[in-house]
Amino acid sequence: NMIWTWQHSPVGTKLSGYRVSKHAWPLFRQFQHLGLTAKDVTQITSDQIEEIFALSKKMKGDKNSYIWLQAYEHHYHEIYFNALVENEGRGRWKQRNDIPDAQLVFCMDDREEGIRRHLEELNPNIETLGAAAHFGVPMNWLGMDDEKVIPLTPVVFVPTHEFKEVVHKGQESALAKHQQKRHSRLQLKSLINQETRRNLISSAVLIALSAPAALLTLAAKLFAPRQTGELAESLRERFESSIDGEVAINCQHPVENPTPDNQQLGYTDDEQVDKVETLLRNIGLTNGFAPLVVIVGHGSSSQNNPHLSAYNCGACSGRHSGPNARIVAAIVNRPEIRQRLKERGLDISSDTWFLGSQHNTCDEKMIWYDTDVIPAHLQKAFDKLRDEVYEASQWSAHERCRRLASAPKNPSKEQALNHMIGRSHDISQARPELGHATNAICYIGRRSATQGAFFDRRIFLISYDPTTDPEGEILEKLLLANGPVGAGISLEYYFSTVDNERYGSGSKITHNVNGLFGVMDGSSGDLRTGLPRQMIEIHEAMRLQIVVEHSVEILTKIYTRQPDLQELIGNGWILLTAKDPDSKQLTQFKPDIGFVPWEGKQETLDKVKKSPEWYSGHSDALDLSLIKQPEDETVRGRQAQGANG
């Protein structure tokens, strides 16, 4: 091929000074990268050949790699920008003139894009939103069964408030019984561990007696992980008899200036109304409240996984953010807080109920908090919503299966969900889930711009309404808070992908936990940093492209007065594009010249009725498509009537 290419190109036939031994292979590789066919090569001109060699001389070392990175990013961004332009005006809830059946506020996490899309496809009258999943209430948390407080807050923030889960009045005796059983189970477990490690005689007896049971348990975990895990959970729940509790959100003893060393229990009324107002205004949920508003935290559960925190909620220091969601819901449901919110222009009807929940991104299970206090008139609506969310989680599992080599091919949605549950219980599973792999883009704006398009679980979705923030005051805070979060996740995957041995941590299979604070390869070597290979195998390394729905003028003002954003964006760690709120216009920011209108090629995207029609049967990254919306049918009907008329 190389000799043929040389003989049939102007280099071998027209130009002098070039030799097959020195120049043929670089030219052949450039032809490959450019996607040229044999016919293209025969028609290439001498001037084009000279230009290729001139560019090749400039593309050396890091500069060469950087140019290819830009080309790779440009290719994907053209697809993404085209999808935003093609989807303009198709999404719902731009003005929220109608009241949705329900509103669900998920984490901005790219892994939530799938379940949000499937939920909207199942019921177009559901509105989904996105926010950083500490939901504006960073704090220390002490659950009913927790032995010590857990900080559920961004890692750079030190909380000064603590919240506790307490038992309902009248259930104190049930709680005591529950805690006694749990204490007995933990004591037995601790005793067995200590005896097998410290006592020479008793350890031999215990090992001999427990060996058959341990062998059966190990076999069950290996060959039937889902069934074994679910059986263990069921037996534990029966033995310990779970107790319903509530969050103590009200501060009984205010602290004038709470500090990490002098924390305040709960929030005062002033703090509560401030926290909730900030969250609602940040996400643009200031009117048109649905009967049910669900705040959805998230986390991940898996077995034998020293990297578990990397799969959890980054906004809560690698832990579960369900308690944060639960606290927000409990605050908004207080009549006193609603009255004070009304005085600030946020009128939430007494018929609206807020609910906390938590989505497990590994096994797709949804935990619903405090369902025992849902008003009777909303119980039927909640039952319907719970069924819809469950079906959406099945389809989310179905979509995730296509990227996993060990997942069943063409499964039903029930089989897909069972497979994901099984992965979470499998002690031999190195890939319980793929985490943020393939993350590439972030949209800060109204869901109407992205709803109705298939983004392949590659997009962070942060809700924001520019019409309620003309001067960009809210946007500035969002960029300062969420920009570094998105950049951190993106760069963590980027560097772990481009050089996994140096910036990642190699294979998870050989990792050995050392001192409960790090991992190393086997029994020797330095502590490993970064992500293991099993988390980045399918990741396409590129910088995060952030698209913000606001004017160029406002974004320019924010950029010029914020050194932190200048460091991130001006130095090219993340990329920025403005989306005009009232048109299809996209404007890219170039650090050296400023904002430049996007003038890429616009192509009509394929439309499918549901997401599975597009991704089923494919295991690689997909181009984007549009999902048919109810409005599409209405428009088609009107056009048909006009034609007949």
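The values are calculated or read from the model by the stated rules, or taken from the named source; none is laboratory data. Given the structure is predicted, the values throughout are model-derived calculations rather than measurements. Note that we place each Cβ from the backbone using ideal geometry, even for glycine, and neighbour counts take in every protein chain shown. Surface areas here come from the heavy atoms of the whole protein model, side chains and all, with no ligands, DNA or RNA. Shrake-Rupley method; radii C 1.70, N 1.55, O 1.52, S 1.80 Å.
Looking at the chain, the DSSP beta bridges with both ends there are about 40 percent antiparallel.
Length gained on full extension, Ser309 to His618, computed as 0.36 nm times the residue gap minus the Cα-Cα distance: 108.3 nm.
Across segment 27-32, rounded Karplus estimates of 3J(HN,Hα) from the backbone phi angles (6.51 cos²θ - 1.76 cosθ + 1.60, θ = phi - 60°) give 5, 4, 5, 5, 4, 5 Hz, Gly and Pro being marked x.
Could you calculate the contour length gain from Arg236 to Lys148, that is, 0.36 nm times the residue separation minus the distance between their Cα atoms, to one decimal place in nm?
That pair, Arg236 and Lys148, stretches by 29.6 nm at full extension.
Listed options for Rg and Dmax of the Cα atoms in Å are (i) 27.9, 95; (ii) 69.2, 230; (iii) 26.5, 87. The value calculated from this structure is the one marked (i).
With respect to the chain, whose longest principal axis is taken over its alpha-carbon atoms, helix 379-401 is tilted by about 40°. The Glu471 and Ile201 beta-carbon pair, evaluated with R₀ = 56 Å, returns a calculated FRET efficiency of approximately 0.15. Ranked by solvent-accessible area (1.4 Å probe, protein heavy atoms only, all chains present), the residues His23, His298 order from largest to smallest as His23, His298.
In the assembled protein chains, Lys39 presents an accessible area of approximately 140 Å² (probe radius 1.4 Å).
Label separation (Asn512 vs Lys169): 5.7 nm, computed from points 7 Å beyond Cα along the C-beta direction. Taking Cβ atoms as reference points and 11 Å as the exclusive limit, the residues near Ile474 contribute a net charge of -3, counting Lys and Arg as +1 and Asp and Glu as -1. Backbone geometry of segment 541-554 corresponds, through the Karplus equation with coefficients 6.51, -1.76 and 1.60 at θ = phi - 60°, to 3J(HN,Hα) couplings of 5, 7, 6, 5, 9, 9, 10, 10, 7, 5, 6, 4, 4, 5 Hz, x marking Gly and Pro. A 1.4 Å probe run over the protein chains yields, for segment 278-376, 33 Å² of accessible area per residue, whole-number rounding. Near the amide H of Leu355, within less than 5 Å, lie the amide hydrogens of Val293, Val294, Ile295, all on another chain or at least 5 residues away, with H placed in the peptide plane.
The residues neighbouring Arg447, those whose beta-carbon lies less than 14 Å from its own, together hold a net charge of 0 under the Lys/Arg +1, Asp/Glu -1 convention.
So what is the calculated 222 nm ellipticity per residue for the chain, using -39500 (n - 2.57) for each DSSP H run with n of 4 or more, over all residues, to the nearest 500 deg cm²/dmol? Before the final figure, lay out the partial values.
Values: 19 runs with 273 residues, N = 645.
For the chain, the value works out to -13500 deg cm²/dmol.
For Asn123, neighbours were defined as the other residues whose beta-carbon sits under 13 Å from its Cβ, and their charges (Lys and Arg +1, Asp and Glu -1) total -1. Highest mean first, the peptides 324-334, 384-394, 229-239, 543-553 sorted by other C-beta atoms within 10 Å per residue fall in the order 324-334, 543-553, 384-394, 229-239. Which of the lysines could a cross-linker bridge to Lys22, judged by Cα under 29 Å and excluding same-chain residues fewer than eight apart? Correct list for Lys22: Lys14, Lys39, Lys57, Lys58, Lys60, Lys63. Helix 112-122 and the longest principal axis of the Cα set of the chain meet at an angle near 80°.
Helix 413-425 and the long axis of the chain differ in direction by around 70°, with both axes built from C-alpha atoms.
At the residue level, Asp372 shows approximately 90 square angstrom of accessible surface with a 1.4 angstrom probe and all protein chains present. The phi torsions of segment 456-470, fed into the Karplus equation with coefficients 6.51, -1.76 and 1.60 and a -60° offset, translate into couplings of 6, 6, 10, 10, 7, 10, 10, 6, 6, 10, x, 5, 9, 9, x Hz, rounded to whole numbers, with Gly and Pro shown as x.
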